[in-house]
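The values are calculated or read from the model by the stated rules, or taken from the named source; none is laboratory data. This structure is a prediction, so every number in the text was calculated from the model and none was measured. Here the Cβ positions follow ideal geometry from the backbone for every residue, glycine too, while neighbour counts run over all protein chains shown. In case anyone asks, the SASA skips ligands and DNA or RNA and just uses the protein heavy atoms, side chains included. Shrake-Rupley method; radii C 1.70, N 1.55, O 1.52, S 1.80 Å.
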Amino acid sequence: MAAAALTTAEDYEGDYDLDDDFDDDEDDCNFSSETVLGDTVDYSHRNISILDPNELLTLVKNPNRIKNFQLNSNQLLTLPSQIEQFQSLVTMELSNNQLVQLPAELSLLKNLKNLYLKNNSLDDFSLPKELELLKQLEVINLGGNRLKQFPYQLFQMINLKEVYLGSNQIAFLPDLFQTLIKVEVLYMGGNQIGNVPDSIGYMRSLVVLNLSGNRLRTLPRSISRLGRLKSLSLHNNQFSALPPDIIRLDLQELSLRNNPLVVRFVRDLTYDVPTLKELAGRTIKLHKICYDDQSIPRSLIEYLNAAKSCLNPKCKGVYFESCHKNIKFVDFCGKFYLPLLQFLCSPACTSTPTFQMTSSDSDDNSDDVPNKDMSSKFKKVLLG
Amino acid sequence: MTETLLNTNMHDIHDIQLIRQKYVDNTAHLSTHPKSLNELIELLYEAFATNDVNIDYVHTIMNNYKGNVKEWAPFLKFQPNKYTRNLVDAGNGKFNLMILCWAESQGSSIHDHTNSHCFMKCIQGTLVETKYAWPKDGGENTETPMEIISRTELKDGKVAYINDSIGLHRVENPSHTDTAVTLHLYVPPYSHCSVFDERTGRTKEAHVTFYSINGLLTTSE
């Protein structure tokens, strides 16, 4: 249970609302002398359902000097278009309201870096298309809303660093994540996601990935390309086994509780008998027979080039479509057994059901023992 | 509670009155409703001054403590990968008072409490505590899923209590949008505990550390 802090310079502040105290019995006044302080406007906890632009602009003499606007914990349904006058705005805090619509004018705030919209009533139609113009946006929090789709506007916001979409109703992730190369934190917990697309592998800055509380059964192989990923939350899903690529990651935290992970060695899963084409392809690859576009059609060249290596390190074989799914149990730190799903070229490639990742005693096998580096890598992994 | 002490000649009544007076003098300054963290800490030091500790009394003051966010601020440190343990007071070795910060969806492993009393008060957000029975000892090679005893929600200052004779537990922040904060009291303090694999009941020793002490970050490993 040793905590290893991420090597980020700042602490993640959390979204701790300093006024959300269960025994706060201070009086709420609608206007205080502290409403405007320097470059901050604090209109939070005012019980307002409409932001009256005239009142606002009377109180705030220089809207174009304001950098920080706190409107959280009210009953706002939307914002007035006059919000565009706050041209210097860097942070807009609108969490805990009843927002159903955002004005397109929000997209005119060219300095906006942090947009907090947590716990509102926003659905897929509430976010104007113009939002995609916020190309300098770094943090967006849309948790606790009514989104059924991943907002497409986010893929255009190429400077995003943190994306929070927890507790919505998103069931499908489009395969467009290759633009989000600066995102470090992606929070998708508490949705209905059944599948993670391949393009997630392009998110090379990703450090924290939270997919907890969804309907996932597997992860794409591209996950192994996330070289900076340190924290992976997969708890409360439908994983029965994990892709072995997970071993390649340099994780500090991996949460897996509440998944139907297989406990005992599972007998061979389905094995489709290979086609003649597959068998021929395997032979060509195994014996390194030369081929080029003079000798065989282009389509066959592409087929042969798509060969996948058998995961059994002692087998030099390859497979194309017909692979044998095997569950191998990886013993972490001598105590936990983690089932990894492996693709092998045939059942014959299956060695013993379990193999040790810890250094010493390997009583039941002498083959495919991974190097000792892996066991220390995963010592700090928090399981179950 | 006021009482008129009668000046009487009767010897035993006089003794009883003396005892009462002494009790009133010693405890008059103590309230069981600490209004600040410092007051709570002061009460805890008093409660642990001798080797006899009244656990019910400790539960009461933990329950009645009403604090505010300003006094917790130095200990509110959230991390995106794991919950943090922030020591508030080391209690002269007799107890540890700490604040745990749980970001969205963060949870602990299933663990025991190394023969200590554990009080856990929810001071922000909501937590779910799942209690588990100790795995039955079937030998080295048996693997049996662990049995859940209960599942309770903790919020608004509610205090949960556990020790090894009651069972094991896992604590989680179920929210995907809001953080949670708990105030923990361990009597006596411990630095190691056992963690358990829910699917198999297998256990392993874990070293327990602090993310910050008195508001200052400890060095990470």
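Miscellaneous remarks
- Sorting the Cα pairs of chain B by distance into bins of 5 Å, from 0 upward, gives 1, 6, 12, 16, 17, 14, 10, 7, 5, 4, 3, 2, 1, 1, 0, 0 percent per bin.
- Look at the stretch B:129-137: the mean tally of other chain Cβ atoms within 10 Å of its residues' Cβ atoms is 0.
- Once both labels are positioned 7 Å from their Cα atoms along Cα-to-Cβ, the gap between B:His33 and A:Ser309 label points is 7.1 nm.
- Three-way shape call for segment A:72-204 based on the alpha-carbon gyration tensor, with the a/c threshold at 1.5: oblate
- Heavy atoms of B:Lys158 accessible to a 1.4 Å probe, total area in Å² rounded to 10: 100 Å²
- Here the accessible area is traced with a 1.4 Å probe on the protein chains. For segment A:161-239, carbon and sulfur cover 46 percent of it.
- Applying 1/(1 + (r/R0)^6) with R0 = 56 Å to the Cβ-Cβ distance of A:Ile181 and B:Thr50 gives a FRET efficiency near 0.35.
- With R₀ set to 51 Å, the beta-carbon distance separating B:Asn163 from A:Ile289 gives a calculated FRET efficiency near 0.15.
- Segment A:277-304 and segment A:137-170: distance between their alpha carbon centers, rounded to Å: 45 Å
- For segment A:36-266, the dipole from Cβ point charges (+1 on Lys and Arg, -1 on Asp and Glu) about the Cα centre works out to 740 debye, to the nearest 20.
- Where labels lie 7 Å past Cα in the beta-carbon direction, separation of A:Asp52 and B:His59 in nm: 5.3 nm
- Inter-chain neighbour count for A:252-260: the average number of beta-carbon atoms from partner chains within 10 Å of each residue's beta-carbon is 4.
- Segment A:114-141 residues near the modelled A:Gln98 label - backbone nitrogen below 17 Å, point 7 Å along Cα→Cβ: A:118-123
- Taking every Cα-Cα distance in segment A:36-266 and sorting them into 5 Å bins starting at zero, the pair-distance distribution P(r) comes out as 1, 7, 13, 18, 17, 13, 10, 8, 6, 3, 2, 1, 0, 0, 0 percent.
- B:Ile162 contributes about 0 Å² of solvent-accessible surface, heavy atoms of the protein only, 1.4 Å probe.
- Dividing the C-alpha radius of gyration of segment A:143-245 by 2.2 N^0.38 Å, with N its residue count, gives 0.97.
- Peptide B:195-201 shows a mean partner chain C-beta count of 6 within 10 Å per residue C-beta.
- For segment B:87-221: accessible area per residue (Å², 1.4 Å): 39 Å²
- Mean Cα-pair separation over length for chain B, i.e. relative contact order, pairs under 8 Å, 6 or more apart, %: 22 percent
- Measuring with a 1.4 angstrom probe and ignoring ligands and nucleic acids, B:Thr203 comes out at about 60 Å² accessible.
- If you sort A:Phe125, B:Phe48 by accessible surface, 1.4 Å probe, largest first, the order is A:Phe125, B:Phe48.
- Net charge of the neighbourhood of A:Asn120, taken over other residues with C-beta under 13 Å away and scored Lys/Arg +1, Asp/Glu -1, is 0.
- The helix-only estimate of mean residue ellipticity at 222 nm for chain B, built from DSSP H runs of length n ≥ 4 each weighted as -39500 (n - 2.57), is -5500 deg cm²/dmol after division by the residue total.
- Computed FRET value (nearest 0.05) for B:Thr152 with A:Lys61, which takes r as the C-beta separation and R₀ as 60 Å: 0.70
- Selected from B:Ser175, B:Ser212, B:His14, residue furthest toward positive end of dipole (chain B; charges at beta carbon): B:Ser175
- Total formal charge among the other residues, if their Cβ is under 11 angstrom from that of A:Asn237, Lys/Arg +1 and Asp/Glu -1: +3
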